[in-house]
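Participant: Right, I'll just put the structure down here and ask away after.
What follows is calculated from the coordinates using simple rules that are stated; it is not laboratory data. Just so we're clear, the structure is a prediction, and the values are computed from it rather than from any experiment. Cβ coordinates were reconstructed from backbone atoms using ideal geometry, including for glycine residues, and neighbour counts include every protein chain displayed.
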Amino acid sequence: MTRVLVPDHIEGAAPLLGARLQRLRGESMGTTWQVLWADRDAARQGALRAAIEAELDLVVGQMSSWLPTSDLARFNAAPAGARRPLPEAFAEVLAAALWLADTSAGAFNPAAGALVNLWGFGPAPRYTDPGFAPPSADAVRAAMPATDWRALRFDAAAREATQPGGLRLDLSAIAKGHAVDRVARRLRAMGVAHALVELGGELRGQGLRPDGMPWWVDLETPPVRAGQVAPRATRVALHGLSVATSGDYRRAYLMDGQRLPHSIDPRSGQPVAHGLASVSVLHADCLWADAWSTALTVAGREQGLALAEAHGIAALFLQREADGRLSETLTSAMERLAG
Ligand code: AMP
Ligand code: MG
């Protein structure tokens, strides 16, 4: 039977009963976005699209690993000792990322860009490029010292960071969630109280659908092989709530029969290999849902569960057992949402 998750609070705004359900879609950050909202005024579509695209472009312009002119790319290319002013959103996301790096003892690490790139998940070379070869043990060892996030001097109040030399920031595990939050906040500021915002599978819902129902969303589940039992379906009422899922099935390649996912464990320098198929996290803010889902995926089920419990994080872990079965574990905060 489908599990149903509902938040324990109700947002104030009354539903726009009978209003039209509207939809906009587009592409950003190498993936797709979609916004659904309830509105009596269809003429606003153009203005809303422009506002949504402006928010997404702002995040790309500041935090993209792919855009050579982004603030992040320019910080990464700066010489040792260079002190750089950071724009507001970049500084806010970096502060959150550094907090989670400390909190997860480096399972989540925004300074792991050099490793991410070596394993083919950065700008170049990509694991999809012809002739791509995974890095040698020596190359991984050589890259490790420059991934120490504590070597980054970051003055949050002044919004300035100092490049210690060779450190490569990568905010891809948290910036998408922040972008979803920005879009949702911008819509609300424009008077759109009822909306569902999705970017690359990460979602935030506010208010209600025009039929008075919450924005129901089914959690993404990993594909199962023929003959295997699918994990239990989980449906969430995204009412003042966000969800993000990290999983080894999303972006990965096979090497010598081994799956190499795009989540890198910066503590070992290797792609994670502890059999977690996916971790879904529910949080009021999509930034935290995004960042925690990556952190818990890298930490693994045992460490990840302890970490999530210690911080009251609502998470659902799906583990691949030796026989191929998927077994699930919910944190107590997630159990509470399940009623
Ligand atoms: P996500 O899909 O949110 O889990 O983010 C995955 C992306 O985050 C990867 O493609 C990398 O760019 C980056 N990444 C990989 N491993 C880590 C890590 N341990 N900590 C922070 N970011 C990471
Ligand atoms: Mg993430």
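Participant: With unit charges on the beta carbons (Lys and Arg positive, Asp and Glu negative) and the dipole taken about the Cα centre of the chain, which residue among Ser332, Pro210, Phe121 sits farthest to the positive side?
Facilitator: In the chain, that residue is Pro210.
Participant: Could you compute the FRET efficiency for Arg235 and Asp155, with r as their C-beta to C-beta distance and R0 at 56 Å, rounded to 0.05?
Facilitator: 0.80
Participant: In whole percent, what relative contact order does the chain give with Cα contacts below 8 Å and a gap of six or more residues?
Facilitator: Worked out over the chain, it gives 20 percent.
Participant: Limiting things to C-alpha atoms, what are the Rg and the maximum Cα-Cα separation (Dmax) for region 144-186, in angstroms?
Facilitator: Taking only Cα atoms of region 144-186, I get Rg and Dmax of 13.5, 39 Å.
Participant: I would also like to ask the following. For region 33-73, restrict the atom set to alpha-carbon positions and state the Rg and Dmax in Å.
Facilitator: When restricted to Cα atoms, region 33-73 yields Rg and Dmax of 13.8, 42 Å.
Participant: Sequence-distant or interchain residues sharing an amide H contact under 5 Å with Thr221, placed H: which?
Facilitator: none
Participant: Of Pro231, Leu100, Gly300, which is farthest towards the positive pole of the chain's charge dipole, taken about the Cα centre with +1 and -1 on the beta-carbons of Lys, Arg and Asp, Glu respectively?
Facilitator: Result: Pro231.
Participant: Could you pull out every residue, at least 5 positions away or on a different chain, whose amide H is within less than 5 Å of the one on Leu86? Hs are placed 1.01 Å off N in the peptide plane, and Pro or chain starts have none.
Facilitator: Those lying under 5 Å, H to H, from Leu86 are Glu160, Ala161.
Participant: Then there is this: Just grab the label-to-label distance for Arg188 and Asp41, each label 7 Å out from Cα along the Cβ direction, in nm (one decimal).
Facilitator: Once both label points are built, they end up 2.0 nm from each other.
Participant: Next question, about the same structure. For the chain, what's the radius of gyration and Dmax over Cα atoms, in angstrom?
Facilitator: 20.2, 63
Participant: Report the dimensions of region 201-339 along its three principal axes from the alpha-carbon atoms, largest first, rounded to Å.
Facilitator: Cα extents, longest axis first: 51, 35, 24 Å.
Participant: What nm value, rounded to one decimal, do you get for the distance between Ala80 and Glu92 when each label is placed 7 Å out toward the C-beta?
Facilitator: Rounded to a tenth, the inter-label distance reads 3.5 nm.
Participant: Normalise the Debye intensity by I(0) for region 53-175, one equal point scatterer per Cα, no solvent, then take log10 at q = 0.13, 0.14, 0.18 Å⁻¹ and round to two decimals.
Facilitator: Evaluating at q = 0.13, 0.14, 0.18 Å⁻¹ gives log10 I(q)/I(0) of -0.50, -0.58, -0.96.
Participant: Among Glu88, Glu53, which comes first, then next, by fewest other beta-carbon atoms within 10 Å? Write down the numbers at each step before the final one.
Facilitator: On the way: Glu88 10, Glu53 15.
So the residues, fewest neighbours to most, are Glu88, Glu53.
Participant: Once the piece of chain linking Ala124 and Thr31 is laid out straight, how much longer is it, given 0.36 nm per residue of separation minus the C-alpha distance between them?
Facilitator: 31.7 nm
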